[in-house]
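The values are calculated or read from the model by the stated rules, or taken from the named source; none is laboratory data. In this text, all values refer to a predicted model and were calculated from it rather than measured experimentally. Because the Cβ atoms are built from the backbone with ideal geometry, glycine has one as well, and the counts that use them run over all protein chains shown.
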Amino acid sequence: MKMVFRWFGEGNDHVPLSYIKQIPGTTGIVWGLHDIEVGEKWPLDKILKVKNKAEQNGLNIDVVESVNVHEDIKLGRPTRDHYIENYKETLKELSKVGVKVICYNFMPVFDWIRSDLFKKLEDGSTALFYEKSKIENMDPTELVNDFLKNDEFTLPGWEPDRLGKLSELFDAYQGINEEDLWDNLKYFLEKILPIAEECDIKMAIHPDDPPWSVFGLPRIITNRQSIRKLLNLVDNPYNGISFCSGSLGANESNDLPAMVKEFGDRIYFAHIRNIKRYKNGDFIETSHRTSDGSIDIYEIVQAYHEIDYKWYVRPDHGRHIWEEESRPGYGLYDRALGIMYLWGIWDSLERIKGDV
């Protein structure tokens, strides 16, 4: 596996690239142009600036997260073709700097949902938390207002300009069900994948987070059956998955190691993180260590090892520890600890196999 680390860009991330380079076994950054409005073409000069900065620190830029999909594409509006053309042009520009994988999602309105960005754990650290009853009884406008108070760091998938039109977006989705969303995803993929193949860039969809309907919005990438449907929707090897153990693991019925083994040849990017689930439907993000949560991280890494996984992996959200001030879920310290835990499992499996 190839270990990478998410980075939000110079001036938008408190973690210097030189620190990322010091995390053992970490060879690249997972990046994006977060100052470009969703739906607009990414300019080559800004792409090259990230590439040059990364290479100065000995890191690659093979994985982009995310070239976000405009809501008009998800809604199937007549204007979607304009945004799809921009997406194609962005793919072509990214191919010029050697990008190999684009992580994207097809979640309506919100890329991910939590009720608390800094919920305290028993050890005194804080983490992202999902309180089911609170979300079910909350006006989404209240949630947006709470999240956007955190103006020191941008939140991926929570762009203020887009969320400023929240009521308009919810009105637009009133007539959209899951099958409509599937149809719109198919339309998008049929247009995009020939260009992705031409550019040799794998498209890797991220599962819905959490993997169920929230605020009445449709969700479609949620379990084993839906991933099978996705891969058959447009049967092309460039139609792949960003397999997120934390997102899919929020539903205890998802057998994550089995899914890794079934879909491994189409998993081009892996997010590995742990969560602790509660019987009432709540969950909180924990350290990566298996015993700290409800997800068997050892078995997941073992499944990747068994299929001889050679694509990209990153530690996903971490706790906020040692008084670090960071973007919610994206501190340096706990994610670096997560990387060492993942490498520890991988190296032990290599030793057992006899390769070390």
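Details
Okay, residues lined up against (1) under 23 Å from residue 243 (Cα atoms); (2) modelled with pLDDT of 95 or more; (3) in contact with a strand residue (DSSP E or B) (Cβ under 6 Å, 6 or more places away or on another chain):
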{"site": "170", "(1), (2), (3)": "no, no, no"}
{"site": "176", "(1), (2), (3)": "no, no, no"}
{"site": "179", "(1), (2), (3)": "yes, yes, no"}
{"site": "184", "(1), (2), (3)": "yes, yes, no"}
{"site": "187", "(1), (2), (3)": "yes, yes, no"}
{"site": "196", "(1), (2), (3)": "yes, yes, yes"}
{"site": "200", "(1), (2), (3)": "yes, yes, no"}
{"site": "206", "(1), (2), (3)": "yes, yes, yes"}
{"site": "213", "(1), (2), (3)": "yes, no, no"}
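- Residue count for segment 175-208, restricted to those that are within 18 Å of the chain's Cα centre (by Cα) and farther than 22 Å from residue 311 by Cα: 1
- Just one residue in the set 252, 299, 262, 306 is surrounded by fewer than 21 Cβ atoms within 10 Å (Cβ to Cβ), out of contact with any helix residue (DSSP H, G or I) (no Cβ under 8 Å at 6 or more places or on another chain) and of a type in the set (Asp, Glu); that residue is 252.
- Those residues of segment 71-126 which are closer than 30 Å to residue 59 by Cβ, within 17 Å of the chain's Cα centre (by Cα) and aliphatic (A, V, I, L, M), in sequence order: 99, 101, 102, 107, 117
- Residue check for residue 111: among the acidic types (Asp, Glu), at pLDDT 95 or above and within 24 Å of residue 207 (Cβ to Cβ): no
- Out of 52, 68, 60, 12, sole residue that is farther than 27 Å from residue 188 by Cα and modelled with pLDDT under 95: 12
- From the options 300, 295, 284, residue that is at negative phi, assigned to a helix (DSSP H, G or I), modelled with pLDDT of 95 or more and touching a strand residue (DSSP E or B) at 6+ places or on another chain (Cβ under 8 Å): 300
- Positions within segment 255-295 being under 19 Å from residue 241 (Cα atoms), of a type in the set (Phe, Trp, Tyr) and touching a Ser or Thr at 6+ places or on another chain (Cβ under 9 Å), in sequence order: 268, 269
- Neighbours by Cβ (under 9 Å, 6+ apart or cross-chain): first from segment 209-225, within 17 Å of residue 185 (Cα to Cα) and touching a residue at least 24 places away in the same chain (Cβ under 8 Å); second of a type in the set (A, V, I, L, M) and in a strand (DSSP E or B): 221/205; 221/241
- Unique match (being within 30 Å of residue 96 (Cβ to Cβ), of a type in the set (Asp, Glu) and not in a loop (DSSP other than H, G, I, E, B)) among 198, 179, 168: 198
- Considering residues of segment 109-129 that are crowded, with 21+ Cβ neighbours inside 10 Å and not hydrophobic (A, V, I, L, M, F, W, C) only, the residue farthest from residue 169 (Cα to Cα): 125
- Of 46, 53, 41, all but one fail to be over 27 Å from residue 310 (Cβ atoms), over 21 Å from the mean Cα position of the chain (by Cα) and basic (Lys, Arg); the exception is 46.
- Elements of type strands (runs of 3 or more DSSP E) in segment 221-277, at least 3 residues being aliphatic (A, V, I, L, M) and either closer than 23 Å to residue 6 by Cβ or modelled with pLDDT of 95 or more (or both): 267-272
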